[in-house]
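Readers should treat all values here as calculations from the given coordinates under stated rules, not as data from a laboratory. These numbers come from a predicted model, not from an experiment. Here the Cβ positions follow ideal geometry from the backbone for every residue, glycine too, while neighbour counts run over all protein chains shown.
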Amino acid sequence: MIMNVIVPFAYLVATVLFIFSLRWMNDPKTARQAVYAGVLAMAVAVGATWIKPEVVHHLWIVLGIAAGVLLGIPLSRVPLTAVPQRTALSHAFGGAAAGLVGVAYYYLWWSTDPGQLTPFRTTALITENILGFLTFTGSLMAAGKLQEVKWIPQRPVTYKGQNIVNMALLVAAVAVGVWIILNPTTALAARLFPIVIALALLFGILLIIPIGGADMPTVIAILNSYAGLSACALGFVVDNKLLVTAGALDGSSGLILAVIMCKAMNRSFTNVLFGAFGQVKAAAAAGEQKAVKSATPQDVADLLTNADRVVIIPGYGMAVAQAQHRVHELYDQLTKRGVDVKFAIHPVAGRMPGHMNVLLAEADIPYESLVEMDDINPDMPQMDVCLVVGANDVVNPAARHDKGSPIFGMPIIDADKARTIVAIKRSMNPGFAGIDNELYYDDKTLMAFGDAKQVLGDVVKAIAGEGATVH
Ligand code: NAP
């Protein structure tokens, strides 16, 4: 009896906490409490499920839970740069779990209680199976591409008629599924069920093959949405209201995130899924050699200390170098000298949404100094120095005027409009889109070559008068 009260109440509390968690994620000031609310919601949801007699009375379920916890601990400790692939792995596990529970329920009811296989329930079962299993293989492929696993090609693999083949597979899976929905309790339906699973698994792999490693973060957001919708459908199958609401929240937030990312890159959904972006990388990277001006850390220190207004534009390179703490030291040194320092944040700088916000927050840089792209752009011509720290595509002026560029139309931070630009990067190698950046060849631009952490450390030392390492 008490179970009938405690468990639904715990599920209600978890649902409310999930909703608040998503709401609080909207603002850096409340993001921390959003994480706590999300963790608490998950703990309440999982805890309420564990105390059910049908769970605690089965040792093998308890062992499964222990294995999951043990696997989760190392996964929670991956570096921030590996978070996209870790997230993809979580979606893979989520999709597989939803799919497997669905399979178990189908065969259980088919053999013991066929009356349970109503058209509504079987429709939910087929839907969650297709979504769950395609999310499983799709997310594994996505994680493999991002982790640069050797036997998974990073470049988009395309062939003639690819979209037709993929669509045909999906249509076949849905068609067999519809047949099962119409005849769920027949012997043939039980034999056809694995075919739906196999087609969904294959579709997941083929869906990801034409997508370059570059577009994976967006695809991961889409797969997140599929995993959520699969869990939502499973909620209808097993009559679990928490799964329905949490799955729907997951499904819709994943979709909203993917739309935001597409908008910030000026790409359409279809372009991400079928555009084979990143294919031209090798050719584009081999552009002709043009002259650039370089600067030493001492030059950069002099420029920065003589400026009134400085804007720092962080990008993926800051994440790779883990240079956020050096950035904070630089911020402290300059603000102490009365220089006005702002951070310009591009919505898709780095490799995941909010990547720069997270890194700068980790280094305790005040939120008030972070300015969104649209708000900082009108002020760029008044900036004395624009310091680009490992950012490339998000400051590439080609996005504004070069119709042939793969990033044409993507909104950028107008770094080129500042009075002087200093770009810190290790080489002239291109960024994510694989294209040259004319900003580096601008007369106003100085290149400070080297690892961002090292260069910034030397700049900070030079400002403090300790002298920098000579490169
Ligand atoms: P980017 O265009 O990928 O450029 C990063 C630059 O950092 C590279 O040119 C690299 O040059 C430099 N770098 C790498 N390691 C470094 C180190 N240790 N020290 C110093 N520099 C280093 O990065 P971005 O400007 O941030 O642009 C993000 C790109 O990712 C955009 O094209 C965006 O569309 C895409 N994207 C983002 C998301 C997202 O959610 N954020 C999702 C999907 C796609 P060197 O090798 O010469 O050092």
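Brief remarks on what is shown
- Each listed q (0.05, 0.10, 0.13 Å⁻¹) maps to a log10 I(q)/I(0) for the chain, found by the Debye formula over equal Cα scatterers with no solvent: -0.23, -0.82, -1.19.
- Amide H contacts for GLU372 (H built 1.01 Å from N in the peptide plane; partners 5 or more residues away or on another chain; cut-off under 5 Å): ILE345.
- Theoretical ellipticity at 222 nm over the chain - DSSP helices of four or more residues, -39500 (n - 2.57) apiece, nearest 500: -19500 deg cm²/dmol
- Pairwise inverse Cα distances across the stretch 1-65, averaged and inverted, put the Kirkwood hydrodynamic radius at 12.9 Å.
- Between SER252 and ASN26, the FRET efficiency estimated from the beta carbon spacing at R0 = 22 angstrom works out to 0.95.
- Once the trypsin sites (Lys or Arg not before Pro) in DSSP loops with at most 16 neighbouring Cβ atoms within 10 Å are cut out of the chain, the longest remaining piece is 161-289.
- A compact globular protein would have a Cα radius of gyration near 2.2 N^0.38 Å; the ratio found for the stretch 293-464 is 0.92.
- Exposure proxy ranking for HIS325, HIS401, based on other Cβ atoms within 10 angstrom of each Cβ and starting from the fewest, stands as HIS401, HIS325.
- With a threshold of 21 Å on the Cα-Cα distance, the over-threshold entries among LYS342/LYS417; LYS263/LYS342; LYS241/LYS263; LYS417/LYS453 are LYS263/LYS342; LYS241/LYS263; LYS417/LYS453.
- Cβ-based exposure ranking for SER268, SER76, SER252, in which fewest neighbours within 10 Å come first: SER76, SER268, SER252
- Order of CYS262, CYS232, CYS386 under a 10 Å beta carbon neighbour criterion, fewest first: CYS262, CYS232, CYS386
- Computed over the stretch 379-471, the ratio Rg/Rh where both radii use C-alpha atoms and Rh is Kirkwood: 1.01
- Potential lengthening between PHE449 and ILE195 on full extension [0.36 nm per residue; Cα-Cα distance subtracted]: 85.9 nm
- Linear extension gain, ALA363 paired with ARG426, 0.36 nm per residue minus alpha-carbon span: 20.5 nm
- Here the label points at GLU54 and LYS150, each 7 Å from Cα along the C-beta direction, are separated by 4.6 nm in the simple model.
- Here the Karplus curve 6.51 cos²θ - 1.76 cosθ + 1.60, taken at θ = phi - 60°, turns the phi angles of the stretch 94-111 into couplings of x, x, 5, 4, 4, x, 5, 4, x, 4, 4, 5, 4, 5, 4, 5, 4, 8 Hz, with x standing for Gly and Pro.
- Cross-link partners of LYS403 among aspartates and glutamates, defined as those whose alpha carbon lies under 17 angstrom from its own and excluding same-chain residues fewer than eight positions apart: ASP393, ASP436, GLU438.
- Pairwise FRET efficiency - VAL259 versus ILE164, Cβ, R0 = 25 Å, nearest 0.05: 0.45
- Virtual spin-label span in nm between THR335 and ARG77, 7 Å along Cα→Cβ: 3.3
- Calculated from the alpha-carbon coordinates, the stretch 83-278 shows an Rg and a Dmax of 16.8, 53 Å respectively.
- Stretchable slack from LEU12 to ASN271, in nm (0.36 nm times residue separation minus alpha-carbon distance): 89.3 nm
- Among ILE413, ALA37, VAL56 the positive-end extreme of the charge dipole of the chain (Cβ point charges): VAL56
- Each label point was placed 7 Å from the Cα along the Cα-to-Cβ direction; for VAL171 and ILE19 their separation is 4.1 nm.
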